[in-house]
Number of protein chains: 2
Amino acid sequence: MSFDVLQSKIKAKRNPTVAGLDARVEYIPPFILKKHTGKHGETLEAAARAVLEFDCGLIDALADVVPAVKPQSAYFEMLGWQGMKALEEVIAYAKEKDLFVIADIKRGDIGTTAAAYSEAWLGVTQVGSTACPVFDADCVTLNGYMGSDAINPFLKDCTSRDKCAFVLAKTSNPSSVELQDIVAGDRLVYTAMGDLIQRLGQGTAGKCGYQALGAVVGATHPSVLKELRYRLDKVFFLVPGYGAQGGTAADVRFAFDELGRGAIVNASRSIMCAWQKTGKDGADYQEAARTAAEKMRDEIKEYVTIL
Amino acid sequence: MSFDVLQSKIKAKRNPTVAGLDARVEYIPPFILKKHTGKHGETLEAAARAVLEFDCGLIDALADVVPAVKPQSAYFEMLGWQGMKALEEVIAYAKEKDLFVIADIKRGDIGTTAAAYSEAWLGVTQVGSTACPVFDADCVTLNGYMGSDAINPFLKDCTSRDKCAFVLAKTSNPSSVELQDIVAGDRLVYTAMGDLIQRLGQGTAGKCGYQALGAVVGATHPSVLKELRYRLDKVFFLVPGYGAQGGTAADVRFAFDELGRGAIVNASRSIMCAWQKTGKDGADYQEAARTAAEKMRDEIKEYVTIL
């Protein structure tokens, strides 16, 4: 229950950042991809095996720098069931390396369907009298457009299995304004969603003071981060949009509380694809990823001190 | 492009309904589940094989009654990669039987991630110079909370591959009011979402007059169906909430236009689990499903004539 586990890992590594694992086929160093297409042809199986090798290599390189990784389900789904098999293995490998795993799935559905999603990603699936863990991540991202029916089944698994979830509030992308910034009385739609998140999480706060239900708030809106940090004082933030999308260390500092807690900042491509900028065709992808992750940690350290 | 393919299948079978394939393990007739757990133990593999057999049996029973099936991703994800493998096979089998396949995934993400989802579910994944189809459904459901960034990559695949998508507008569940019914100026949030759906779909209308981007509007809100049918005249509706959730044939008639077109009504459990009410322990699951599907078709026929 709550974000205590994540917060303690952040503190131990003095690094409030999470590395996204979003491997499109073209992000994989060519020597890895070739190895597998050489054996299995240009197939989904080859791509899935290449992604698995790449992601596990990244995990090895980053395991003592970052507290968490965030595999994005879409990049595994696009490789079919072989991709989903790779995702199961990536999650297990990251946990073995003592990393906190946020499955970026942004699911949102109701009733028994939401329960099924929660069993898939946080809980266990019951087959006869046997409880089978499935993807078994530590945390997921969710979409709350359908309201509390889409959230509560996950909260149940969070509470009973010491896990947590982030619900989209204000996202980092340009078109987030189209729905999220609509004026609704004295609030905007994203503020209303934020209020709902804080309300639904009531009673699940851990030692760190944060409830089991966090919110996604983009780095590209520093004034929103400031406003929501103040308004949602029990809600842990996942902050995407750092780097490529324009968010800076100066921007994301507003996501943290006065003790430097309560938020984690994501970077995906800047770490994963760092090898594309060193001119070595990916031979140094691990070193390049590690250097990029350390750089990001140090940039944020300029503005945020974790007490 | 557009909903022409679906509308023509609806017309051919004189039946504007879609059968949901939402098989939780406990919905599978015991004799099917036992066959597979006997061979593979109480494992995800056994459950996935049982779901595959059950879903294909339902498809056989329903193929000349309903125009479409709607597998719900959650119930396959909860069985891990074996479940996703079963889902690939269920989709392929339904298409072989000339059924229109709506993958109920409710995905919503941005940029390259939305593109990856679209490649997974509607398009193809490129591995080197080879284009690999993945789940390859005819249609998907989407969540538009993140705005057009989450929709446009799918529209691109819809246009180039003659497919379509439904975006959540007003859902059938009780807590849909929490966000969707918030007053926003002279609209509600779901009306704003509906307007966005109609706007984004511009330029993709087919012969039937409906654009490639449809909307999900629940059967449990007949007045909303009426209002949105009038307001969103180029938007095809997927209508969940019939039966178990309380929506009736008299309610859903408002989803259709004056030619009896422009909507499809979903039923899942009432068809899939019809065997639970006949006292035969599932031996007659196909016949029971078929009878339930025919009953639903005939109920709606009382109110809707497809021209």
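Structural remarks
- Hits in region A:44-82 - residues which are part of a loop (DSSP other than H, G, I, E, B) and of a type in the set (A, V, I, L, M): A:63, A:65, A:66, A:78, A:79
- Among (1) closer than 19 Å to residue A:113 by Cβ; (2) at pLDDT below 95, the one test that residue B:306 misses: (1)
- Single residue of region B:1-24 satisfying the filter (within 11 Å of chain A (Cβ to nearest Cβ) and open to solvent by less than 10 Å² (accessible area, probe 1.4 Å)) that is nearest to residue B:202 (Cα to Cα): B:20
- Applying the criterion of being open to solvent by 10 Å² or more (accessible area, probe 1.4 Å) and more than 8 Å from every other protein chain (Cβ to nearest Cβ) to the residues of region A:42-60, the residue that is nearest to residue A:296 (Cα to Cα) is A:60.
- So residue A:260, is it without any contact (Cβ under 8 Å) to a residue 24 or more places away in the chain and part of a loop (DSSP other than H, G, I, E, B): no
- Checking residue B:37 against (1) part of a loop (DSSP other than H, G, I, E, B); (2) over 30 Å from residue B:211 (Cα atoms), the condition it does not meet: (1)
- Of the criteria (1) touching a strand residue (DSSP E or B) at 6+ places or on another chain (Cβ under 8 Å); (2) among the hydrophobic types (A, V, I, L, M, F, W, C); (3) open to solvent by less than 30 Å² (accessible area, probe 1.4 Å), which one residue B:84 fails: (1)
- Given (1) within 17 Å of the chain's Cα centre (by Cα); (2) part of a helix (DSSP H, G or I); (3) not acidic (Asp, Glu), index of the condition residue B:85 fails: (1)
- Across region B:193-232, the number of residues qualifying as assigned to a loop (DSSP other than H, G, I, E, B) and not hydroxyl-bearing (Ser, Thr, Tyr) comes to 14.
- Enumeration of residues in region A:209-231 that are surrounded by 20 or more Cβ atoms within 10 Å (Cβ to Cβ) and either over 18 Å from residue A:172 (Cα atoms) or within 14 Å of another protein chain (Cβ to nearest Cβ) (or both): A:210, A:211, A:212, A:213, A:215, A:216, A:217, A:218, A:219, A:220, A:221
- For residue A:267: the one exception among (1) aliphatic (A, V, I, L, M); (2) open to solvent by 10 Å² or more (accessible area, probe 1.4 Å); (3) within 18 Å of the chain's Cα centre (by Cα): (2)
- Taking region B:93-188 and the strands (runs of 3 or more DSSP E) fully enclosed by it, the elements with 3 or more residues that are touching a residue at least 24 places away in the same chain (Cβ under 8 Å), crowded, with 23+ Cβ neighbours inside 10 Å and more than 7 Å from chain A (Cβ to nearest Cβ) are at B:100-107, B:139-142, B:164-170.
- Condition broken by residue B:198, with the remaining ones in (1) away from chain A (no Cβ under 11 Å); (2) touching a Leu at 6+ places or on another chain (Cβ under 9 Å); (3) of a type outside the set (A, V, I, L, M); (4) surrounded by 23 or more Cβ atoms within 10 Å (Cβ to Cβ) satisfied: (4)
- Here residue A:37 meets each of (1) in contact with a strand residue (DSSP E or B) (Cβ under 8 Å, 6 or more places away or on another chain); (2) within 28 Å of residue A:203 (Cα to Cα) with one exception, condition (2).
The values are calculated or read from the model by the stated rules, or taken from the named source; none is laboratory data. In this text the structure is predicted, and so the values were computed from the model without any measurement. Neighbour counts are summed over all protein chains in view; Cβ atoms, including those assigned to glycine, are modelled from backbone coordinates with ideal geometry. Accessible surface areas use protein heavy atoms only, side chains included; no ligands, DNA or RNA. Shrake-Rupley method; radii C 1.70, N 1.55, O 1.52, S 1.80 Å.
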